[in-house]
1. Treating only the Cβ of Lys, Arg, Asp and Glu as charged (+1, +1, -1, -1), what charge dipole size does the chain show about its Cα centre? Round to the nearest 20 debye.
2. Relative contact order of the range 13-239: what whole-number percent is it, with Cα pairs under 8 angstrom and at least 6 residues apart?
3. Which order results if 99, 20 are arranged by neighbouring Cβ count within 10 Å, fewest first?
4. Using a Gaussian network model of the chain with C-alpha springs under 10 Å, which one of 15, 54, 151 is most mobile by mean-square fluctuation?
5. Please name which of 91, 73, 124 has its Cα lying farthest along the dipole of the range 72-179 towards the positive end, using unit charges on Cβ (Lys, Arg +1; Asp, Glu -1) and the Cα centre as origin.
6. Have a look at 146, 168, 157 and report the one farthest towards the positive end of the charge dipole of the chain, computed about the Cα centre with Cβ charges (Lys/Arg +1, Asp/Glu -1).
7. Round to the nearest 0.05 the FRET efficiency obtained for residue 130 and residue 210 when R0 = 30 Å and r is the Cβ-Cβ distance.
8. If you take the Cα Rg of the chain and divide it by 2.2 N^0.38 Å, with N the number of residues, what do you get?
Amino acid sequence: MGNRSLPFARGSGVLLHPTSLPGPDGIGDLGDGAYRFIDWLTTAQQRYWQVMPLVPTGYGDSPYAATSAFAGNPLLISLDILTGDGLIDPHAYRNTPFSDRQVNFTGASAHKLRALRAAYERFLGYHDDDRCREYRDFRQRESSWLDDFALFAALKSENNEQSWLDWPDDVRFRLPAALEAARDRLAQEIGFQTFCQWLFRRQWVNLRAYANERGISIIGDIPIFVALDSADVWANPAIFRLHPDLTPVAVAGVPPDYFSTTGQR
């Protein structure tokens with residue numbers, strides 16, 4: 001075959017989703033456990049960390065059934081880092097019953113969202129420091145997906161986490177008057193969802209920089225398909241194969257196999 005240069009240097013690494021890292025809050029996150037894992041990769045002379053999708057999960061807590069292809073999962077936000085940033089009372093969220101060896105999605109979600117809402121309330125008290133300017137810049141820079149996602153997440157909460165296909169017709173079909181009314185009615189929740197995305201991005205960028213500075217490259221992952229119950233499909237129905245009532249024309253998947261006796265949609 002002759003000698004041909006490879007696009008990437010040969011190297012080895014580890015596949016590990018951050019939720020699998022040890023931590024005190026019922027689920028692994030982007031905090032101390034992630035930094036220690038990067039240190040271990042460096043010591044072990046590894047070059048790559050494959051993280052798999054970091055998106056907010058939908059049905060079944062699967063990152064491959066995400067409510068957005070662009071957003072980050074708020075459960076990955078480190079409460080310890082928020083404590084260090086002065087956004088969380090250091091004593092308020094530490095008496096937790098969670099194991100540091102097993103993920104508790106339901107418990108972690110209730111625990112972390114309660115803490116994140118408290119952090120948001122405290123953040124609203126700030127008006128003109130560097131973080132406020134950084135937050136405003138983030139909202140403006142990422143508005144192409146962030147505005148729709150935050151509204152989608154707020155509407156999903158208002159509708160008891162039902163699929164958007166089961167929402168009232170006016171918001172399901174995105175009638176302008178209904179969307180404007182929802183933005184006014186759900187302004188607080190929209191702000192909270194936006195705040196969480198800023199926190200996630202902030203922590204992720206810092207962690208990724210830490211890895212790169214130590215010679216560790218991060219390999220991401222992209223879901224094979226965008227999930228039907230997502231902000232992406234709800235906000236952009238014209239680019240998907242949907243019936244006039246917005247139900248899908250076809251659904252792809254795989255037949256039963258060793259991993260799933262009923263197959264996967």
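Laboratory data are not the source of any read-out in this text; all were calculated from the coordinates shown. All of these numbers come straight from a predicted model, not from anything done at the bench. Glycine gets a Cβ as well: all are built from the backbone with ideal geometry, and neighbour counts include every protein chain shown.
1. It works out to roughly 780 debye.
2. 31
3. With the fewest neighbours first, 99, 20 line up as 99, 20.
4. 15
5. 91
6. 146
7. Working: r = 20 Å, r/R0 = 0.67.
Once rounded, the FRET efficiency stands at 0.90.
8. In units of the globular-protein estimate, the chain measures up at 1.10.
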